[in-house]
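Trainee: To start, I am sharing the structure in question, which I have written as C-alpha cells.
The values are calculated or read from the model by the stated rules, or taken from the named source; none is laboratory data. Here the structure is a predicted model, which is why all the values come from computation and not from measurement. Reconstructed Cβ throughout: ideal geometry from the backbone, glycine too, with neighbour counts over all protein chains shown.
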Amino acid sequence: MKGHQTTIVDIAKLLNISKSTVSRALTGHPSIKKETKEAVLELAQKLDYQRNMHALSLITRKSNTLGIIVPEFITGYFPKVIIGAQEAAAMAGYNLIISQSNESYATEVENTKVMLANQVDGVMISMTKETRNFDHFSVFGRKGIPVVFYNRICEELETPRVIVDDYDAAFRIVEHLIKTGKKRIAHLAGPSTLSMSSRRLNGYLAALKKYKIQVSDELIIPYDLDMDKVKIYVNHLLQLKKRPDALFAINDPTAIEAIQVIKKAGFKIPRDIAVAGFTNDSISALIEPSLTTISQPAEKIGATAVELLVDQINRPRNQWKPIIKVLKTELIIRDSTRPATTNNRS
C-alpha cells in the first residue's frame with residue numbers, strides 16, 4: 001500500500017470483517033471481542049493508520065477532544081495547569097487542544113470559534129482580564145458542549161468551576177505580614193473584572209480588620225496586570241509621606257518587579273518594606289531576596305477541571321451540575337518577609 005493512505009476499508013478487507021466492526025474496535029467499543037480489537041489495533045499500527053477524526057465524529061458524535069483556553073503564558077502557572085490537564089485527558093482517552101488568548105478579549109472570542117470548529121466535546125476556560133461580555137461562552141451551552149471554568153471564572157454562567165480559596169490564602173499571607181510587625185501593608189490588586197482579584201482583596205481587608213489595623217485607601221492600588229505600570233505604582237507608594245512597610249501583590253510577577261524597584265530605590269527588603277506575592281512561580285525561590293508567596297496546586301487544578309468536564313460529557317444535558325471545587329493553597333515563607341531574627345520556614 002505504498003503511496004496509499006490506509007483507511008478503515010483497507011483494514012476491514014485484510015481482516016475479512018465489516019467496516020463497522022473496525023470502527024468500533026478502534027474506538028474501544030465494549031461489544032467487540034478482545035481478540036478482534038487486538039488484531040485491528042495491531043494491523044492499524046503496522047499500516048500506520050491515522051484516524052480521520054472528522055469522519056469518526058460523524059459516527060460516534062464525539063471527537064474525543066477537549067479544549068483548554070488560557071489567558072497568558074507570562075507566569076509559570078498556566079503551563080502547569082496544562083500539564084495536569086493533558087495527563088488527566090490522556091488517561092480518560094481524550095486529546096487536548098490548547099489556545100492562548102494573550103489577555104485579549106478579541107483573541108479569546110476567536111479561540112472559542114477554534115474550539116467549535118474542531119468540534120471539541122468540552123472546553124476548560126480561564127478568562128482574560130478584558131472579558132466583560134460572555135456571549136461567546138454561552139454558545140457552547142446552546143450547542144450542548146459543557147464548559148468548566150478554572151482560576152478566572154465567569155460568575156454569570158452556571159457551570160462547574162475549579163478555584164483555590166483566594167480569600168483564605170490572602171488572609172493568611174497578610175496575617176503573616178502583621179505577625180512580623182508590619183502595620184502599613186499596601187496591596188497591588190488585580191483588575192475588578194476578575195473575581196479572584198476581589199476575593200484576594202477581601203482576604204487582605206479581613207486580615208487588617210481582625211488585627212484592628214485601619215484600612216488606608218491610598219495603600220490599595222488595583223491595576224490591569226500591565227507589568228510596565230508596576231514601577232510607577234511602587235514608586236508612588238515609596239514616595240508617600242507615610243510609606244508602607246509591606247506590600248502584598250496580586251501575583252508573583254508583580255511582586256518580583258516590585259522587589260527590583262524597591263531595591264533600586266535604596267530600601268532594604270524586608271527591613272524597610274516586606275514583599276509577598278501569590279502563585280509560587282519557579283523564579284520566586286531564586287530571586288534575591290527569595291519571595292514569600294502562596295503556592296497553588298496548578299497541575300491538580302488542570303486535572304480536576306478535566307475530571308469535571310468528562311463527568312459533564314458523560315451526563316445527559318439535563319443532568320449537568322454546576323459543581324464548584326475549591327482547592328487548598330500553601331503559604332511559603334521566604335526571605336522577602338522573614339525578619340532576620342527568625343528562622344521559621346513553611
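Trainee: Checking the structure you have, find out if any residue of the range 250-260 is over 24 Å from the mean Cα position of the chain (by Cα), at pLDDT 95 or above and not assigned by TED's automatic domain parsing to the domain that holds residue 131.
Mentor: yes
Trainee: A further question follows. Working only within the range 22-41, note down all residues that are at pLDDT below 85, of a type in the set (Ser, Thr, Tyr) and either within 35 Å of the chain's Cα centre (by Cα) or in a helix (DSSP H, G or I) (or both).
Mentor: Residues satisfying the conditions are 23, 27.
Trainee: Restrict the check to the range 298-318 and report whether at least one residue is touching a Ser or Thr at 6+ places or on another chain (Cβ under 8 Å) and of a type outside the set (Lys, Arg).
Mentor: Within the range 298-318, none of the residues are touching a Ser or Thr at 6+ places or on another chain (Cβ under 8 Å) and of a type outside the set (Lys, Arg).
Trainee: Return the residues of the range 153-168 that are assigned to a strand (DSSP E or B) and crowded, with 21+ Cβ neighbours inside 10 Å; say none if nothing qualifies.
Mentor: Matches in the range 153-168: 161, 162, 164.
Trainee: While we're on this one: Of all residues in the range 286-310, how many are basic (Lys, Arg) and surrounded by fewer than 18 Cβ atoms within 10 Å (Cβ to Cβ)?
Mentor: 0
Trainee: Whether any residue in the range 124-139 is farther than 23 Å from residue 104 by Cβ and surrounded by fewer than 23 Cβ atoms within 10 Å (Cβ to Cβ) is what I want to check.
Mentor: Looking for residues that are farther than 23 Å from residue 104 by Cβ and surrounded by fewer than 23 Cβ atoms within 10 Å (Cβ to Cβ), one finds none in the range 124-139, hence no.
Trainee: Could you identify the single residue in 194, 157 that is in the same structural domain as residue 105 (by TED's automatic domain parsing) and under 26 Å from residue 69 (Cα atoms)?
Mentor: 157
Trainee: Can you tell me which condition residue 265 does not meet? The list is (1) more than 18 Å from residue 74 (Cα to Cα); (2) free of Cβ contacts under 8 Å to residues at least 24 places away in the same chain, and all the others hold.
Mentor: (2)
Trainee: Give the residue that is farthest from residue 96 (Cα to Cα), with candidates limited to residues of the range 115-152 that are part of a loop (DSSP other than H, G, I, E, B) and of a type in the set (Ser, Thr, Tyr).
Mentor: Per the criteria, the residue is 131.
Trainee: Go through the range 66-95 residue by residue and tally those that are at pLDDT 95 or above and in a strand (DSSP E or B).
Mentor: Result for the range 66-95: 5.
Trainee: Of 150, 94, which residue is touching an Asp or Glu at 6+ places or on another chain (Cβ under 9 Å), under 17 Å from residue 306 (Cα atoms), of a type in the set (Phe, Trp, Tyr) and surrounded by 21 or more Cβ atoms within 10 Å (Cβ to Cβ)?
Mentor: 94
Trainee: Here's a follow-up. Just to be sure I understand, how many residues within the range 1-18 are part of a helix (DSSP H, G or I) and modelled with pLDDT of 80 or more?
Mentor: 7
Trainee: Which residues, taken from the range 183-197, are among the polar types (S, T, N, Q) and at pLDDT below 95?
Mentor: Correct list: 192, 193, 195.
Trainee: I'd like the residue in the range 169-192 that is under 21 Å from the mean Cα position of the chain (by Cα) and assigned to a strand (DSSP E or B) and, out of all such residues, is farthest from residue 336 (Cα to Cα).
Mentor: 189
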